[in-house]
Amino acid sequence: MSKPIFVVRFPYSEEKRDVYLNFVKRISNQLTDYHVLAPMDNSVERVEFECFNVKDIPETEINEIKDMISNMLEETKKK
C-alpha cells in the first residue's frame, strides 16, 4: 500500500528558517506513515496542511501536484 502525501506549507520567513527546519525534521520523523513535504511558500500567511491519498489520485493529478510543489520551491528560492 502506498503512503499518503502530507503537505505542510509554511509562510516564507528567512528569520524563522531554523524553526522551520527543526519542525520539518521532527514532523518527518513522527509521521512515518506519510510522505511529508514541507515547502516554504510565499503565497500563504499561516501554516496550511493538505493530505493526498496517492492511490485515489489519477496519475495526471499526481503530476500536477509535483509541478505545484516544484513551483513553490522555485518561488521560495527566488526570495
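Taken together, the values in this text are just the output of simple stated rules run on the coordinates, not laboratory data. Computed from a predicted structure; not experimentally measured. Methodologically, a virtual Cβ is constructed for each residue, glycine included, from the backbone with ideal geometry; neighbour enumeration extends over all protein chains shown.
Amide hydrogen proximity for Val7: with H placed 1.01 Å from N in the peptide plane, the residues at 5 or more positions away or on another chain lying under 5 Å are Leu37, Glu50, Cys51, Phe52. Calculated FRET efficiency, Glu50 to Glu14, Cβ-Cβ distance, R0 = 22 Å: about 0.40 to the nearest 0.05.
Phi-derived couplings, Karplus 6.51 cos²θ - 1.76 cosθ + 1.60 at θ = phi - 60°, listed residue by residue for the stretch 31-45: 9, 6, 8, 10, 8, 9, 10, 9, x, 7, 10, 5, 8, 10, 9 Hz, with x used for Gly and Pro.
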